[in-house]
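Read the structure below first, then the notes.
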Amino acid sequence: MSSRVRPSGRVLGSLVLAAVLGAGLAACGQVQDPSTQSTSPASSDASAFPVKITHKFGTAEITKAPSRVVVVGTATDDLDAALALGVTPVAFFNKSGSETVPSWLKGKLDPAKTKIVNAAAGVNAEEVGALTPDLILATSSFGLEQEYPNLAKIAPTVGYASEWGKQTWQEHVQVVAQALGKTGDAKKIVETTEAAIAKFKSDNPKAAGKTFTASVGNTAGKMFSLVSKEDFAVKLIEQAGLTLSPTVADATKNESGSPTGTLTPEQYDKLKADLVIVAFTTPDLQAAFEGNQLAAGLKSGNYLLVDMETISALRYPTALDIPWVLEKLKPGVSKLA
C-alpha cells in the first residue's frame, strides 16, 4: 500500500497541498540555515562524483557537483532536503499550485534566490530549460512518467525509486544528498530531525498510548480520515507517542492504495478519540460538521482545529517541516491527561 494517496484522490487536506489530500521545535534551528551556507560546487564532496542514481525511469548520471538545481515536486520533499543540506535550488516547480513560501521554510528559503513556480497545470519543460539546471530533483513529482522524457533531456533527473509516495522522508534526504555529493551531511540531518521527534515525545509523556484521529472536510456531507497505520502522517504521530484510534478502521476505503477512508454524517462519532485533529477547506464545511449532532460531542473533548497547511505538512513529513508541524500539534497534545 502506498503511504501517500495519489493526488487524484486528494483527500486529506491539501492532505496533498492545495486541494485535498494530498509541521518549530528547537531542533528546527539545529538544521543549518541555507542562507548562511555556501551553495557552490566546492561545498560538496568532489570525490563523490561521478555518481549514478538508478530510479524508476532510468539512471541519472551526475558527473560533478551541481551548481544549478531545479526541484519539481507535488510536495516539498526534495526542496526541504536540499535546503537542509545547505543547497539553494534556483527554482521549485510546485505541482500543488502554491507560489508562496511554506511557513516552515520562512527564513530558510529566499524567493529572490529560489523561484517558486505554480506548476499545478503541469511542468513546462522549456521554462525549466531556460534556468539551465545541471540537476533536476523530482522524487516527489506525481505524474513524472509524463514529464521525465523531456526533463531528462535538459539535465540529469532523479525520479522516485519505484512508486510515487513510497519513499520516507529519510530516504528523500539520503537520495538528495547522494545527488548533491553530501552523503556525509545526510546522517546529521536525519539524526537531528529524529531527535526533534524524540524530544517531543519525552516532553509530552502523558500522550503515550492516547488515541487520535486526523481528518479533513473538503466536500459537503463527508469527512476524509486517515485509516492506515502505513500512512506517513500516522507513523509520525505514533512515533510521537499516540496511536491511531481503531474506531476509524471500518471507514469506507477510498481509491486503491489510499490511506484515507470516507465517513458520512451518520458516522461522525467514529472520529472520537483522545485527540481529534481536523481541518476544513471552508468555514461552511466546518460549521456543517460541527453542527452535526454526532460531531458536536467531539468539541467537548480534545478537539484540535488546524489549517490546511498544517495538515499538508503532516501528510508530507520532511526534515524541515516535522519540527514545525509537531509545534502545531503541541496545543492539543499538551492537554492530554
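Before moving on, here are some points about what is shown:
- When LYS272 is tested against the conditions (1) in contact with a Gly (Cβ under 9 Å, 6 or more places away or on another chain); (2) at pLDDT 95 or above; (3) surrounded by fewer than 22 Cβ atoms within 10 Å (Cβ to Cβ), the lone failure is (2).
- Subset of segment 52-72 (residues that are in contact with a Gly (Cβ under 7 Å, 6 or more places away or on another chain) and farther than 20 Å from LEU144 by Cβ): ALA65
- Filtered residues of segment 125-169 (kept if surrounded by 18 or more Cβ atoms within 10 Å (Cβ to Cβ) and of a type in the set (S, T, N, Q)): THR139, SER140, SER141, THR157, GLN167
- For first residues located in segment 242-261 and at pLDDT 75 or above, partners that are among the aromatic types (Phe, Trp, Tyr) and lie 6+ apart or on another chain with Cβ distances below 6 Å form the pairs LEU242/PHE212; THR260/PHE224.
- Picking from residues in segment 281-313 that are under 18 Å from the mean Cα position of the chain (by Cα) and assigned to a helix (DSSP H, G or I), the one that is surrounded by the fewest Cβ atoms within 10 Å (Cβ to Cβ) is MET308.
- Qualifying residue in segment 65-72 (condition: over 22 Å from GLU327 (Cα atoms) and either out of contact with any helix residue (DSSP H, G or I) (no Cβ under 9 Å at 6 or more places or on another chain) or at pLDDT below 55 (or both)): yes
- Of all residues in segment 315-327, those that are within 17 Å of ALA82 (Cα to Cα) and among the small types (Gly, Ala, Ser) have Cβ atoms under 8 Å from Cβ atoms of residues that are surrounded by fewer than 24 Cβ atoms within 10 Å (Cβ to Cβ) and at pLDDT below 95, 6 or more apart or on another chain, in ALA319/VAL31.
- THR100, sole failed condition from (1) surrounded by fewer than 18 Cβ atoms within 10 Å (Cβ to Cβ); (2) over 16 Å from the mean Cα position of the chain (by Cα): (2)
- Per the conditions (1) surrounded by fewer than 24 Cβ atoms within 10 Å (Cβ to Cβ); (2) modelled with pLDDT of 95 or more; (3) not polar (S, T, N, Q), the sole criterion not satisfied by ALA214 is (1).
The values are calculated or read from the model by the stated rules, or taken from the named source; none is laboratory data. Every value quoted in this text rests on a predicted model; they were computed, and no experiment measured them. Cβ coordinates were reconstructed from backbone atoms using ideal geometry, including for glycine residues, and neighbour counts include every protein chain displayed.
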